[in-house]
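Chemist: First the structure, then my questions, so here it is.
Derivation of every value follows stated rules applied to the coordinates shown; laboratory data play no part. It should be emphasised that the depicted structure is a prediction, and the values quoted were computed from it without experimental measurement. Positions of Cβ are generated from backbone atoms using ideal geometry, with glycine treated the same way; all protein chains shown enter the neighbour counts.
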Amino acid sequence: MNWSRAAIVVAALAGSLPAAAAAVEVTVSASPITQFGDSHIDEPAGSLIFRGGIALVSQDDTFGGLSSLTMTGPDQQAVFVSDRGNFVSGRLAYDDAGRLFGFIGTRVEPMRNSKGDVLPRQYAKDAEAVDTVYRDGVPAAVRVGFEHLTRVADFALTDAVPGGAAREVTIPDWLSDLRTNESLEALCIAPAASPVAGSTLLLAEEALDEAGNHRGWLLGQNDKGPMSYQDSPVVSPTDCAFLPNGDLLVLERGVSMLNFVMNLRRVPAAEVRPDHLMVGELLLSAAGGTIDNMESLAVHTTPDGELRILIGSDNNFNDWQRTLLLEFALPAL
């Protein structure tokens, strides 16, 4: 997370506060977002259609720092991972018009290590990426990527809520040797329609190859090995998600002229393969007050059957930042 030196210091201090040792239920309030830049609800925004959003607030200091998002159940159940090593689970609530209006039934639970103990220090807690592992078509676990103490681990799902002891996932040495807050930032698992179905894509924020592009890796049985993602000025990859057809979405985030900047790019399914440079088509770009520190990306189907893209922000537990959850639709796949 390289958006400003001062903000990193503040975030690090906030993240050093102790997390609760057990799960807690928290109340989260949501206010509607009806405009994205010049776009109102159901109007085009870049190559997408803006479907609205919410700004989330809680009086409980365990809520915040939401770094990545994944869907874990059939009833809009969702899980965030946070900078303090917590799972933040709940359900996305929609009204009869298909508008997102809340995040309800919210529960915050600390992540645990492979021995089942709560992660002992902030250096080990900085979760930045998450996706859902499916077995026989059913959500079975979440796969989490961490920076600082860079690693990947799986956590079992029970009633769409992750928990229990971590099961470490082997990653390449070059990645685990990166012990900074600019290492593993994005993780996503390829769907059945992808040429690399079942493989886990890992993308680094600031680890660059000899050509100056972001280093990546595919973890898989048949499709595995190095890959890269084209670097862009100002922004770096901060999350990824696959569309059902196998195309890859990459969320990019940065800071320019003291304003947050966000891009969303789409990489064709055939371009997601080992030993290849991925170049994404720009779908959406924004800066300034329309957005915040956008870090979360997920794809899901709403109760009315529409495929949507969720983009969320990490407030780093700062009062001067917001926790936003914005929703967009693709005109066509």
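Chemist: When the chain is fully extended, how far beyond the present Cα-Cα distance does residue 22 get from residue 55, taking 0.36 nm per residue of separation?
Modeler: Numbers: separation 33, 0.36 × 33 = 11.88 nm, distance 2.61 nm.
Gain on stretching residue 22 to residue 55: 9.3 nm.
Chemist: With Kirkwood's inverse mean 1/r over C-alpha pairs for Rh, give me the Rg to Rh ratio of segment 114-224, two decimals please. Please list the in-between numbers first.
Modeler: Numbers: Rg = 14.2 Å, Rh = 14.6 Å.
Expressed as Rg/Rh, it is 0.97.
Chemist: What longest range of the chain stays clear of loop-exposed GluC sites (Glu not before Pro) (DSSP non-H/G/I/E/B, at most 14 other C-beta within 10 angstrom)?
Modeler: The segment 1-209 is the longest one with no such site.
Chemist: Between residue 177 and residue 156, what's the calculated FRET efficiency when r is the beta-carbon distance and R0 is 22 Å? Round to 0.05. The partial results should precede the final answer.
Modeler: Values: r = 28 Å, r/R0 = 1.28.
Given R0 = 22 Å and the Cβ-Cβ separation, E is 0.20.
Chemist: Net charge around residue 94, counting only other residues with Cβ within less than 14 Å of its Cβ (Lys, Arg = +1; Asp, Glu = -1)? Numbers along the way, then the final one.
Modeler: Details: positive: 51, 91, 99, 308; negative: 75, 95, 96, 304, 306, 327.
The answer is -2.
Chemist: A further question on this structure: Arrange 239, 126 by Cβ neighbour counts within 10 Å, fewest through most, would you?
Modeler: Details: 239 30, 126 27.
Ranked by crowding around the Cβ, least crowded first: 126, 239.
Chemist: Assuming a viscosity of 1.002 mPa s and a temperature of 20 °C, what translational diffusion coefficient in µm² per second does Stokes-Einstein assign to the chain, Rh being the Kirkwood radius over Cα pairs? Mind dumping the intermediate values first?
Modeler: On the way: Rh = 19.5 Å.
D = 110 µm²/s.
Chemist: Over segment 29-78, what portion of Cα pair distances is larger than 18 Å, expressed as a whole percent?
Modeler: Details: 667 of 1225 pairs.
Above the 18 Å cut-off, segment 29-78 has 54 percent of its Cα pairs.
Chemist: Also: Tell me which trypsin sites (Lys or Arg not before Pro) from segment 126-193 have a DSSP coil assignment and no more than 14 other beta carbons within 10 Å of their own. Spell out each step's value before the answer.
Modeler: Working: sites: 135, 143, 151, 167, 179; in loops: 179.
Those that pass, being in a loop and sparsely packed, are 179.
Chemist: Would you mind ranking 72, 238 so that the residue whose beta carbon has the fewest other beta carbons within 10 Å leads the list?
Modeler: With the fewest neighbours first, 72, 238 line up as 72, 238.
Chemist: Ratio of Rg to Rh for segment 207-286, alpha carbon only, Kirkwood?
Modeler: 0.98
Chemist: Test of understanding: what is the full-extension gain from residue 275 to residue 123, defined as 0.36 nm times their sequence separation minus their Cα-Cα distance?
Modeler: Values: separation 152, 0.36 × 152 = 54.72 nm, distance 3.15 nm.
So the chain would gain 51.6 nm between residue 275 and residue 123.
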